[in-house]
Amino acid sequence: MIKIIVVGNGMVGFKFCEKFISKSGQEKYQITVFGEEPRRAYDRVHLSEYFAGKTADDLSMSTANWYEENNIILNTSELITDIHKESKTITTHLEKTHSYDYLVLATGSSAFVPPIEGVEKEGVFVYRTIEDLDAIMAYAKKIKANGSTEAAVLGGGLLGLEAAKAVRDLGLNPHVVEFAPRLMPRQLDKGASNMLQSKIEALNIGIHLNKSTQYIAGKDAITGMMFEGDHLLKVDMLVISAGIKPRDELGKGAGLEVGVRGGIVVNNKMQTSDPNIFAIGEVALYNHMIYGLVAPGYEMADVAAEQIIGSDKLMRETIDMSTQLKLIGVEVASFGDPFIENEEVTAIVFENKFNGTYKRINVTKDGKTLLGGILVGDSSDYNGLFQIYSNAMALPPNPEDLILGSRGGEGSTLGNAMDLPDTAVICSCENVTKGAICCSITDGTCETMGDVVKLTKATSGCGGCKPMVVDLVKAAQKSIGKEVKESICEHFHYTRQELFDIVKINKYTNFYEVVDHHGNGDGCEVCKPVVASIFSSIYNDTANKHVTTQDTNDRYLANIQRNGTYSVVPRIAGGEITPEKLVVIGEVAKQFGLYTKITGAQRLDLFGATLNDLPAIWKILIDNGFESGHAYGKSLRAVKSCVGNAWCRYGMDDSTTFAIELENRYKGIRSPHKLKGGVSACIRECAEARGKDFGVIAVEGGWNLYICGNGGANPKHAVLLAETIDKETVFKYMDRFLMYYVRTAGPLVRTSTWLEKLDGGLDYLKEVIIHDRIGICEALEAEMQSLIGTYECEWKQVLEKPRLMKRFSHFVNSDDKDDNIEYVPIRDQHMPKSWNF
C-alpha cells in the first residue's frame, strides 16, 4: 500500500480524505490522519452555533464510524513534532515514528494575537476551537455571577463579528474593537461598513473603530482595554479574533520554503519545496497569499488528492474570495473585486437607510461587464450576481437593474439558473458545477435534493448556493418528466394553481378563510399577496379590498422609490394622448414638484410624490379623464403601438386603435406577473411587439398573434400562436391565453417562463386555446368576460371612499409630510440626494 499521512484534522484535512476516497484508484493507498484535538473534524465555519446549543457531535463533519468504514486510520490528541524529509517519516509527541510516501500538511492556522501588553491576563481568550469556546463559556458564567456584564471582541472581521454574536448569546454586552476605520475591511467599503455598523449597533452591540489598544488593564484579570488617547473601555472579558497565523512550524523545522510573513510555499499542484509533501488550506501560501476561506481550502484539497493519485489537475491561478454570510442576523456578501476604482470602472451604489440595505456593483465603463460588488442587509441577489460575474454574462441595458430591479416594480432581472452554462460553479465551497447538479438527476444517479447534496456536497459549506441548487434540481427533475411540487410557501403546501382552484370552488373571499381551512400559521409576505392576487383574478377584487395582505406597491397603488417617495403612472392606452392631457400632466408635475420621464412603454411617469400627496394628484388626473395605469401591480402595464396606417406610409393596418382596444380590454386584471403587449402595423416592428407577453403584427390579410416574449436580462422573442387572423379571433385567443395563464402559472412567473415549463410547450398550448382539446375554452372566455365587465379604477375607488384615504399618511398621529426627503438638481428637474451613482 502507498502510505499517505495527513497532518491536521480540520475541515480541509477532512475534505482531503473525503475527496481522495471518492477517486478511482484510491484502493492502493492507506491514509493515516493525525489531529491534535481530541475529536473528529468539525465545522469551524458554524462554530458560533455551539453557543446556541449545538454540541460537538452536531458540528462534526462525519459519523463516528466514517473513518473506519473508509479504511482511514484516525489518531486524535496526537501532535506531530518533526518531519524527516530524507527518511520520509514523521515523529509524534508520543515519540512514535511513522513513514509516508506522501505527506499532506493541513495544519491550518492559529488565532493571531497582537503583541499587546497584558494579553496573558485572566479573562483574555482566543476564538478558534471548541476548547476555546468551553473556556469562554465557563469564564462568562463566572463573571456574570459577580455582576459583570461587559465583554469585548478584538477584531471587526468575519470571525470577530461571529465572536460578538457568541458573546451576546452568553448574556453579556459585547463591544467590537477594530483597528481599521471600518468593519470587515477586507470585504466592505466605507458605505457598506457604515450600514452594517448601524444594524449591529441597533442590536446593542458597541462598535469601536479606529482603536489602537495600548494595553490590557487589570492586575491579574482583565478589567478594561486602554486605547490610544487614554480612553478606557471597561470590560471583564476579551475575546481575540483579530486574524489568523499559519501553523507552519512543522514546515519550517523540516526546511520547507516558507513565506516572509508565514505560510508554507506551494505551487499550483499544492506541492511544497519537497515534491512528496503537500500543503493545503490556511497553512499553504499560494501566489503569495494565505486564503482564510473554506472554499479555496477545499479546492486545494481536491487538487492535492488528484495530484497524488496521478491526475494533472492544477489549482486555478486566481482564487475567488466571494463570500455570503449572515452575521448577527445581518446578511452580508461580497464578490469579485468589491473595491475596484479607476477610470475604466463605474460603481453603482444603492443605499436605503429605511430598511438598512446597501448594495454596490462595479461595472466596466461600457456597462457590459460585472467586476464585483457588495451587499449588506439583503443578499438575496448574491447568487445571480455571482453567476453573472463568474461567467462573464451579459448585463441588462441598465446595469443598475441588477440591484434595483425595475423601477416599474418588476421582478428580478438576474435571469434563470437554467440559462447558466453547464460549467458555471454553483457551489463555490465544494466547487460543484451546474452540469454536475443537473446530470446527477437526469442520468438517474439522484432522485431528490437530498440525494444531490449527498453526492455532490453542494450547499454543505456556507449554504449560500442553496436557493439556486433547489431551482436546478427542480428544473432537472421536470426535464425528465418528474412531477415537482411548487408549494407557495411554508404556510400552504399547494401550488398557486391548486390554491386558485381551492379559492374558486369554496368561494373564499378573504385570506384568513383560506389559511384557516387549507394552510397553517398566519401567513407571510409571500403567500398573502399571492392569495390577494387570486381573489382579484377570480372576483376582480381591486387592491383596495385586501389592503392588509398586499405588498407595498399594491397597498399604496404606486411604486415606492428609493427615497421613500412614489411614482404616479396614469394609463395612456396605446401611447395616444391629447395635447390637453399632456398639459394636465405638466401642470400636476409642476404643482407637486415631480420629476417626469417618458417610459419605454409610451407612458409618462411622475416621480417623487409623497404618500400624503397621492390622492390629491390622482384627483386632478381623474377629473381630467385619466385613470390608474397599474404600473405597481402584477397586471397589464401597457400595450405599445406604432402610429399605424393613419400616418405611416408602410403601415398595413390601424395598430394604434387595436392597441388601445387591447389595453382597455385587459386593464386592471391581476395576473401571476406583469403583462406587456405591443401592436405593430407591419413587420418592421416599430412597437417591438415580439418582445412582449403578447404581440400583434399586421400582415397581408389579417394579424399574426405572438405570445410569451419579454425583455429584461434574458430577453425572449415571442412565439407565433396564430397567423393571418382577424381582430375578433385575436381577442378570442387572447382571452383564452391570458385566462389560462392566470389560472395555471406560479407566483411571479412571466409568460415566457410559464410556456417553457408547460408540459407539451407551444404545441400543447395551441391545442388548449385554439382547438379546445381539454374543453375549457368556453369557461376561459366567460371568466375573462366577467373580469372585463367588472373593471373599476382603484384610484377612483380611494377618492370615493374616505375610509380608504386613511392609509395615505406618513405619520399615524399627524398629517405632516416627511421632511427628511432631500433632492439635488438634475437637468432642470430634481432627483433624490441619495442617488450617488
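The values are calculated or read from the model by the stated rules, or taken from the named source; none is laboratory data. From a predicted model like this one, the values you see are computed outputs, not experimental measurements. Cβ sites come from the backbone with ideal geometry, for glycine too, and all protein chains shown count toward neighbours. These area figures cover heavy atoms from the full protein model, side chains too; ligands, DNA and RNA do not enter into them. Shrake-Rupley method; radii C 1.70, N 1.55, O 1.52, S 1.80 Å.
Which of the helices (runs of 4 or more DSSP H) contained wholly in region 523-594 include at least 2 residues that are under 30 Å from ARG743 (Cβ atoms)?
Fully inside region 523-594 and qualifying: 527-539, 552-556.
Residues ALA151, ALA166: which one is crowded, with 18+ Cβ neighbours inside 10 Å and in a helix (DSSP H, G or I)?
ALA166
Just need a number here: residues in region 434-450 that are open to solvent by less than 60 Å² (accessible area, probe 1.4 Å) and in a helix (DSSP H, G or I).
Matching residues across region 434-450 total 9.
In region 111-121, which residues are open to solvent by 80 Å² or more (accessible area, probe 1.4 Å) and in a loop (DSSP other than H, G, I, E, B)?
PHE112, PRO115, GLU120
Within the bounds of region 254-270, is there any residue that is acidic (Asp, Glu) and open to solvent by less than 20 Å² (accessible area, probe 1.4 Å)?
No; the residues of region 254-270 include none that is acidic (Asp, Glu) and open to solvent by less than 20 Å² (accessible area, probe 1.4 Å).
Kindly indicate whether GLU95 is at positive phi and either open to solvent by 40 Å² or more (accessible area, probe 1.4 Å) or touching a helix residue (DSSP H, G or I) at 6+ places or on another chain (Cβ under 8 Å) (or both).
Criteria met by GLU95.
Of the residues THR599, THR565, which single one is among the hydroxyl-bearing types (Ser, Thr, Tyr), modelled with pLDDT under 95 and within 23 Å of GLY678 (Cβ to Cβ)?
Checking each option against the conditions leaves just THR599.
Taking region 289-307 as the region of interest, how many residues are under 21 Å from LYS457 (Cβ atoms), touching a residue at least 40 places away in the same chain (Cβ under 8 Å) and part of a loop (DSSP other than H, G, I, E, B)?
Residues flagged as under 21 Å from LYS457 (Cβ atoms), touching a residue at least 40 places away in the same chain (Cβ under 8 Å) and part of a loop (DSSP other than H, G, I, E, B) within region 289-307 amount to 1.
Does region 234-242 include one or more residues that are touching a Ser or Thr at 6+ places or on another chain (Cβ under 6 Å), more than 28 Å from GLY336 (Cα to Cα) and not β-branched (Val, Ile, Thr)?
yes
Which residues, counting only those in region 254-288, are assigned to a helix (DSSP H, G or I) and on the phi > 0 side of the Ramachandran plot?
Within region 254-288, just GLY281 meets the criteria.
Filter region 712-749 down to residues that are open to solvent by 40 Å² or more (accessible area, probe 1.4 Å), assigned to a loop (DSSP other than H, G, I, E, B) and in contact with a Lys or Arg (Cβ under 9 Å, 6 or more places away or on another chain), then give me how many there are.
Total meeting the criteria: 4.
Among (1) part of a loop (DSSP other than H, G, I, E, B); (2) open to solvent by less than 60 Å² (accessible area, probe 1.4 Å), there is one condition GLU783 misses while meeting the rest; what is its number?
Here GLU783 clears every test but (1).
Going through region 676-701 one residue at a time, which ones are over 14 Å from LYS716 (Cα atoms), among the hydrophobic types (A, V, I, L, M, F, W, C) and either buried (at least 23 other Cβ atoms within 10 Å of the Cβ) or in contact with a helix residue (DSSP H, G or I) (Cβ under 6 Å, 6 or more places away or on another chain) (or both)?
The answer is VAL679, ALA681, ALA687, VAL696, ILE697, ALA698.
When LYS326 is evaluated against the numbered criteria (1) surrounded by fewer than 16 Cβ atoms within 10 Å (Cβ to Cβ); (2) outside any strand (DSSP E or B), which criterion, by number, is the only one it fails?
If we test LYS326 against (1) surrounded by fewer than 16 Cβ atoms within 10 Å (Cβ to Cβ); (2) outside any strand (DSSP E or B), just (2) comes out false.
Run ASP541 past the list (1) touching a residue at least 40 places away in the same chain (Cβ under 8 Å); (2) surrounded by fewer than 23 Cβ atoms within 10 Å (Cβ to Cβ); (3) acidic (Asp, Glu) and report the number of the one that doesn't hold.
Here ASP541 clears every test but (1).
Under 9 Å between Cβ atoms, at least 6 apart or on separate chains: pull out the pairs that start in region 114-127 with a residue that is on the phi > 0 side of the Ramachandran plot and end on any residue that is outside any loop (DSSP other than H, G, I, E, B) and aromatic (Phe, Trp, Tyr).
Listed pairs, sorted by first residue: GLY118/TYR215; GLY123/TYR139.
For region 374-415, how many residues are in a loop (DSSP other than H, G, I, E, B), under 13 Å from the mean Cα position of the chain (by Cα) and at pLDDT 80 or above?
Number satisfying all stated conditions: 4.
Check whether at least one residue in region 537-556 is farther than 27 Å from CYS793 by Cβ and either modelled with pLDDT under 90 or in contact with a Leu (Cβ under 9 Å, 6 or more places away or on another chain) (or both), and report yes or no.
no
Which ranges mark the strands (runs of 3 or more DSSP E) fully within region 595-646 that have 3 or more residues being open to solvent by 20 Å² or more (accessible area, probe 1.4 Å)?
595-598, 604-609
Only one of LEU203, LEU232 is more than 18 Å from PHE112 (Cα to Cα), open to solvent by 50 Å² or more (accessible area, probe 1.4 Å) and outside any loop (DSSP other than H, G, I, E, B). Can you tell me which?
Every option except LEU232 fails the conditions.
Filter region 169-183 for residues that are open to solvent by 10 Å² or more (accessible area, probe 1.4 Å) and more than 15 Å from THR213 (Cβ to Cβ) and give the result.
The answer is ASP169, LEU170, GLY171, ASN173, PRO181, ARG182.
Taking VAL425 and the conditions (1) touching a helix residue (DSSP H, G or I) at 6+ places or on another chain (Cβ under 8 Å); (2) open to solvent by 60 Å² or more (accessible area, probe 1.4 Å); (3) within 30 Å of PRO397 (Cβ to Cβ); (4) modelled with pLDDT of 80 or more, which numbered condition does it fall short on, given that it satisfies the others?
Answer for VAL425: the failing condition is (2).
Suppose we filter region 169-200 for residues that are β-branched (Val, Ile, Thr) and outside any helix (DSSP H, G or I); how many remain?
2
Go over the candidates ALA305, ALA333 one by one and state the one that is open to solvent by less than 10 Å² (accessible area, probe 1.4 Å), touching a Ser or Thr at 6+ places or on another chain (Cβ under 8 Å) and either closer than 24 Å to VAL176 by Cα or not β-branched (Val, Ile, Thr) (or both).
ALA333
With respect to the numbered conditions (1) open to solvent by less than 30 Å² (accessible area, probe 1.4 Å); (2) modelled with pLDDT of 80 or more; (3) under 18 Å from the mean Cα position of the chain (by Cα); (4) of a type outside the set (Asp, Glu), which one is the sole condition not fulfilled by LEU371?
Failing condition for LEU371: (1).
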